[in-house]
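Chemist: Structure below; questions to follow.
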Amino acid sequence: MMHEQHPKGGFDVDSINDEKTSNPGARYGRSKLANILFGKALARRLKDEHVYVNIVHPGYVATELNRSSQATFGRTGGLLLEYVTKIVGTAPEVGALTQLYCATSPEIENKDIRGKYFIPIANELEPSKCLFMCDSKL
């Protein structure tokens with residue numbers, strides 16, 4: 001899970017865009033960690049409302065997200081990533097199923113499911129330990 005690939009120490013807002021303190025993978029991991037933290041914090045703030053906030057990881061989906069991978073990883077690395085994505089990545093239609101579950105399933109409301117982290121396909125998962133350290137500060 002990419003949210004575990006953040007720089008040591010968790011989420012440092014002061015160096016969030018500093019290319020000297022981390023690499024593209026770590027910055028991407030930090031953005032995934034931020035997504036989870038935001039979802040959990042929003043779910044807490046809306047706990048008394050008729051709004052159900054959950055966090056969804058769609059899985060490794062074969063999309064155009066890697067279209068600039070050659071610029072990031074070089075020609076060979078970019079081509080390898082594109083090849084692996086075509087073989088291992090799921091179709092976008094499958095990648096959307098967990099989001100659809102969280103948005104439309106009566107189970108979410110009936111069981112009052114809020115602030116949970118879901119992976120494909122609609123499976124709840126506890127995120128890494130780093131999340132709990134960062135989340136307790138919010």
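The values are calculated or read from the model by the stated rules, or taken from the named source; none is laboratory data. Keep in mind that this is a model prediction, so the values were computed, not measured. Reconstructed Cβ throughout: ideal geometry from the backbone, glycine too, with neighbour counts over all protein chains shown.
Chemist: Considering only helices (runs of 4 or more DSSP H) fully contained in the range 9-115, which possess at least 2 residues that are in contact with a Cys (Cβ under 8 Å, 6 or more places away or on another chain)? It would help to see each step written out before you state the result.
Modeler: Values: elements: 24-45, 69-88, 92-95, 97-104, 106-110.
Correct list: 24-45.
Chemist: Mind telling me which of the residues VAL56, VAL61 ends up being more than 30 Å from ASP14 (Cβ to Cβ), surrounded by 11 or more Cβ atoms within 10 Å (Cβ to Cβ) and in contact with a strand residue (DSSP E or B) (Cβ under 7 Å, 6 or more places away or on another chain)?
Modeler: On the way: VAL56 fails: more than 30 Å from ASP14 (Cβ to Cβ).
Going through VAL56, VAL61 in turn, the sole match is VAL61.
Chemist: For the range 75-99, enumerate the residues that are loosely packed, with under 10 Cβ neighbours inside 10 Å and within 30 Å of TYR52 (Cβ to Cβ).
Modeler: Scanning the range 75-99 gives a single hit, GLU93.
Chemist: Next question, about the same structure. Just one of the numbered conditions (1) of a type in the set (A, V, I, L, M); (2) loosely packed, with under 14 Cβ neighbours inside 10 Å; (3) modelled with pLDDT under 85 is not true of LEU33; which one?
Modeler: That leaves (2) as the condition not met.
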